[in-house]
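Asks: Got a structure for you, questions after.
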Amino acid sequence: MAILVTGGAGYIGSAAVEDLRGKGETVVVLDNLVYGHRKAVDSSVAFYEGDIGDESLIQKILDEHTIEACMHFSAFAFVGESVEKPDIYYENNFVQTLKLLDVLIKNNVKKFIFSSTCATYGEPQYVPIDEKHPQFPTSPYGWSKFMVERALADYDTAYDLKFVALRYFNACGASGDCGEDHTPETHLIPLVLFAAQGKRDSIAIFGDDYPTPDGTAIRDYIHIADLSQAHLLALEHLRNDGKSEFINLGNGGGYSVKEVIEAARKITGRNIATKIAPRRAGDPSRLVADAKKAREVLGWNPQFPEIEKIIESAWNWHEAHPNGYE
Ligand code: UDP
C-alpha cells in the first residue's frame, strides 16, 4: 500500500515525502511543478506531473498503485495574490480538491490528510487560537481552505471519508535536503536570510506600532520537520480508526519580527540592515496557536520550537543552495 502525496515537490510536501520514506512507507507523488521543484523529490520515488483536478490522471495513479491514503499538500498559497485573483484560488484549491476527493472516494480511498491553515480563522478574537475559535477568513486563500474543510466534514458524514485537517501556523526552516524556495519569495525568514547573504540590501519591517512588546507583529513559527512529523502521526491516527479531526500545528509561543531578525543576526554572524515600512494589509498583530489538541490527539511533540534552531536549519540550506533548487 502506498501514500499518495499531492504537492510532494513543494516545500512542506517534499519534507513529508522524505520522512515517509524514512519510515519505510511507499510514496507516490503528484505535483504539477507550478511551484514545486522536481529536484525536491528523489528520482527513485514514483512521480506524476499533473493537476489534482485531472480525474483521469488520478484514476491512472490509483490503477497503477494501491493507494491507502492521500496527503494533500498542493495549493496556491499567496494571500495577496488570492485577493487579486480569487477565481484561480477557488478553482485550484477548492474545485480541484473536490475532483481529487471524488476519484479517491469512488476508489474507496478514504483516509485523507489535508494541509489547512491558521488563515481559516481570520482576524483573531483571542490568542492563543484554539480549534474552536470562530472561522471567518480575511482572504480568498483562507476561504478556499475553509471551504475544503467544510467539504471534508460533509464527506465524512455522507461517504465515511476520514480526515485530519492540519491548520499550520507559520511554516519555516529546512529539513534534510528540503528547503524553502518560493518564487516570488514573500516570507520573513528566507527574506531575512537573503539580506544576510547580500542578495538584498535590507529587510523591511512591516509595522513597528503593533500592540506587542517591541511593536512588531508576532507569529508562531513552526519547523517543517515538526509539521511533517504531525502528518505521519495523523496517518497513524487514521490507521487506528481515529475519527476525523481539525488540528492546529504551532508551538504555542511566538516571536516578533524583530526577534526573528535578531536571531538571524546571531546565527549568521552577518549584519542585517532593516528599514521600517508600513503595516502589510490584513496582518494581525499576534497569531499564536493553542496546540494542545495536536499533543493530546496525535501525541505530537515538536522538536524544533526555538527560533534559533529554525533559522540555523534554514541558513544552512540557503548557504548550500544559493540558487534554491536550480
Ligand atoms: N514580514 C515583514 N517583512 C517582510 C515579510 C514579512 O515584516 O519582508 C512580517 C509580516 O508582516 C508578518 C511576519 O513577518 O508579521 C511573518 O510574515 P510571513 O509573510 O513570513 O508569514 P505570514 O504571517 O504572512 O503567513
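Asks: Scan region 182-194 for residues that are open to solvent by less than 20 Å² (accessible area, probe 1.4 Å) and within 9 Å of the ligand (Cβ to nearest atom) and jot them down. Lay out the reasoning, then the answer.
Replies: Filtering region 182-194 down to residues open to solvent by less than 20 Å² (accessible area, probe 1.4 Å) leaves 189-190, 192-193.
Across region 182-194, the qualifying residues are ILE189, PRO190, VAL192.
Asks: For PRO284, only one of the following conditions fails: (1) modelled with pLDDT of 95 or more; (2) open to solvent by less than 80 Å² (accessible area, probe 1.4 Å). What is its number?
Replies: It fails just one condition, (1).
Asks: A follow-up question, please. Out of everything in region 252-281 that is on the phi > 0 side of the Ramachandran plot and in contact with a strand residue (DSSP E or B) (Cβ under 6 Å, 6 or more places away or on another chain), what residue ends up being nearest to the ligand (Cβ to nearest atom)?
Replies: Pass one, region 252-281, residues on the phi > 0 side of the Ramachandran plot: 252, 254, 269.
Okay, now just the ones that are also in contact with a strand residue (DSSP E or B) (Cβ under 6 Å, 6 or more places away or on another chain), so 252, 254.
On the way: GLY252: 16, GLY254: 10 Å.
The extreme case among them is GLY254.
Asks: Tally up the residues in region 138-174 that are outside any helix (DSSP H, G or I) and either crowded, with 24+ Cβ neighbours inside 10 Å or modelled with pLDDT of 95 or more (or both), please. Show your work before the answer.
Replies: As a first pass, look at region 138-174 and keep what is outside any helix (DSSP H, G or I): 138-139, 160-174.
Narrowing the set further to residues that are either crowded, with 24+ Cβ neighbours inside 10 Å or modelled with pLDDT of 95 or more (or both) leaves 160-174.
Going through region 138-174 one residue at a time, the tally reaches 15.
Asks: Say whether the condition of being touching a Phe, Trp or Tyr at 6+ places or on another chain (Cβ under 9 Å) and within 14 Å of the ligand (Cβ to nearest atom) is met by at least one residue in region 230-248.
Replies: For region 230-248, residues touching a Phe, Trp or Tyr at 6+ places or on another chain (Cβ under 9 Å) and within 14 Å of the ligand (Cβ to nearest atom): absent.
Asks: On to the next question. Looking only at region 287-312, which residues are crowded, with 20+ Cβ neighbours inside 10 Å and outside any loop (DSSP other than H, G, I, E, B)?
Replies: LEU287, ALA289, ALA294, LEU298, ILE307, ILE310, ILE311 - these are the residues of region 287-312 that are crowded, with 20+ Cβ neighbours inside 10 Å and outside any loop (DSSP other than H, G, I, E, B).
Asks: Turning to a different aspect of this structure: Kindly list, by first and then second residue, each pair from a residue in region 181-197 that is closer than 12 Å to PRO322 by Cβ to a residue that is within 10 Å of the ligand (Cβ to nearest atom) and among the basic types (Lys, Arg), limited to pairs with Cβ atoms under 7 Å and residues at least 6 apart or on different chains.
Replies: Note: pairs meeting the criteria are PHE194/ARG200.
Asks: Hey, any hits in region 254-267 for a residue that's under 17 Å from the mean Cα position of the chain (by Cα) and open to solvent by less than 20 Å² (accessible area, probe 1.4 Å)?
Replies: For region 254-267, residues under 17 Å from the mean Cα position of the chain (by Cα) and open to solvent by less than 20 Å² (accessible area, probe 1.4 Å): absent.
The values are calculated or read from the model by the stated rules, or taken from the named source; none is laboratory data. Keep in mind it's a predicted model, so treat the numbers as computed, not measured. Glycine also receives a Cβ, built like all others from the backbone with ideal geometry; neighbour counts cover every protein chain displayed. The protein model used for the area step is the full one, side chains on, heavy atoms only, and it has no ligands, DNA or RNA in it. Shrake-Rupley method; radii C 1.70, N 1.55, O 1.52, S 1.80 Å.
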